[in-house]
1. Looking at region 17-33 only, could you name the residues that are over 22 Å from Gln135 (Cβ atoms) and at pLDDT 95 or above?
2. Just the residues that are assigned to a helix (DSSP H, G or I) and either within 16 Å of Gly170 (Cβ to Cβ) or not polar (S, T, N, Q) (or both), please, taken from region 31-42.
3. List every residue pair whose Cβ atoms lie under 9 Å apart, where the two residues are 6 or more positions apart in sequence or sit on different chains, the first residue falls within region 181-201 and is under 30 Å from Lys158 (Cβ atoms), and the second residue, located anywhere, is modelled with pLDDT of 95 or more and aromatic (Phe, Trp, Tyr).
4. May I ask you to say which residue of Arg248, Arg253 is assigned to a helix (DSSP H, G or I), in contact with a His (Cβ under 8 Å, 6 or more places away or on another chain), at pLDDT 90 or above and of a type outside the set (Asp, Glu)?
5. Do you know which residues across region 156-189 are assigned to a helix (DSSP H, G or I) and within 20 Å of Glu218 (Cβ to Cβ)?
6. Of the residues in region 43-99, how many are surrounded by 21 or more Cβ atoms within 10 Å (Cβ to Cβ), among the hydrophobic types (A, V, I, L, M, F, W, C) and assigned to a helix (DSSP H, G or I)?
7. Report, by residue number, each residue of region 12-22 that is surrounded by fewer than 19 Cβ atoms within 10 Å (Cβ to Cβ) and either in contact with a strand residue (DSSP E or B) (Cβ under 8 Å, 6 or more places away or on another chain) or hydroxyl-bearing (Ser, Thr, Tyr) (or both).
8. Please verify whether region 205-222 includes one or more residues that are out of contact with any Ser or Thr (no Cβ under 7 Å at 6 or more places or on another chain), assigned by TED's automatic domain parsing to the domain that holds Met127, under 25 Å from Leu125 (Cβ atoms) and assigned to a loop (DSSP other than H, G, I, E, B).
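The values are calculated or read from the model by the stated rules, or taken from the named source; none is laboratory data. Since we're looking at a predicted model, the values are computed, not measured. Virtual Cβ from ideal backbone geometry, glycine too; neighbours counted across all protein chains shown.
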Amino acid sequence: MTPKQRIKHITKWIKNYAKTANVDTLVVGISGGIDSSVVSTLCAETGLKTTVVQMPIRQNKTLDNRSSQQATWLLERYKNVTHINVDLTTIFNAFDKKLSPLCSKDDGDTTATSELAFANSRARLRMMTLYQIAQAHCGIVVGTGNKVEDFGVGFFTKYGDGGVDISPIGDCLKTQVWDMGRDFGLPQEIIDAPPTDGLWADDRTDEQQLGMTYAELEHAMELHNNDNCVWNPFPFTKTEKEQLRQFRQLRARNLHKMTPIPVCVFGNI
């Protein structure tokens, strides 16, 4: 399937879902990254009211500028797009100040686990913001996660960026998302930018967090999904075996995000 065909298919799918759900407003959080830029453009292409929301939290200026650039790019091309910029830094600072004493070791040092919790809290605060706006406008929150992140290694925040109503690119590989971005003619800075979730003070990239490039992850996911890799792994190269090991390690760690919530059932008792 070509990028144009994929764009047409997804756009039609979004419109059909909106019609069935009786909604006419799509709400998308934009971060200046390729995923949210493509999804916001797909939503704009439907002709439905599309609200793109910029939500900086102690944000790196470069990332915030790319978000603004994407919003401007959309506003110049689509009359159905509106832009909201809500700085959540003050709210998050108050949350941080209140919770930090409860999330530190006895000696006052913040653990790595606590840092991760606060990074995830940024994503959850953004999710709450998107749902507040969506419900106020009788709309839905549109997710921006791709296939390798959401259904491969679970690289998203549970009840954060994973808390959405629909997932238009959830069956698209990252490379396919980049292809759609190029087809749309998105700003080159957004296409070329190293992917990052923007949740950390040191602005670490996705690759630094995952330990693999998206091309490597996609290849490892293909190996993982291939029945032969279970029964006959030996034909794979040493590099492929290591990539597969890393992929499965990441997947196992985050599998709880990708499966239904465990329920204690009583059956016929």
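1. Start the filter on region 17-33 by keeping residues that are over 22 Å from Gln135 (Cβ atoms), which leaves 32-33.
Of everything in region 17-33, nothing turns out to be over 22 Å from Gln135 (Cβ atoms) and at pLDDT 95 or above.
2. Keep residues of region 31-42 that are assigned to a helix (DSSP H, G or I), which gives 34-42.
The answer is Ile34, Asp35, Ser36, Val38, Val39, Ser40, Leu42.
3. Matching pairs, first to second residue: Leu186/Trp73; Ile190/Trp73; Ile191/Trp178.
4. Numbers: Arg253 fails: in contact with a His (Cβ under 8 Å, 6 or more places away or on another chain).
Answer to the check: Arg248.
5. Let us first name the residues in region 156-189 that are assigned to a helix (DSSP H, G or I), namely 174-184, 188-189.
Those that are assigned to a helix (DSSP H, G or I) and within 20 Å of Glu218 (Cβ to Cβ): Lys174, Thr175, Gln176, Val177, Trp178, Asp179, Met180, Gly181, Arg182, Asp183.
6. Qualifying residue count for the region: 4.
7. Narrowing region 12-22 to residues surrounded by fewer than 19 Cβ atoms within 10 Å (Cβ to Cβ): 12-13, 15-17, 19-22.
Within region 12-22, Tyr17, Thr20, Ala21 meet the criteria.
8. No, the conditions are met nowhere in region 205-222.
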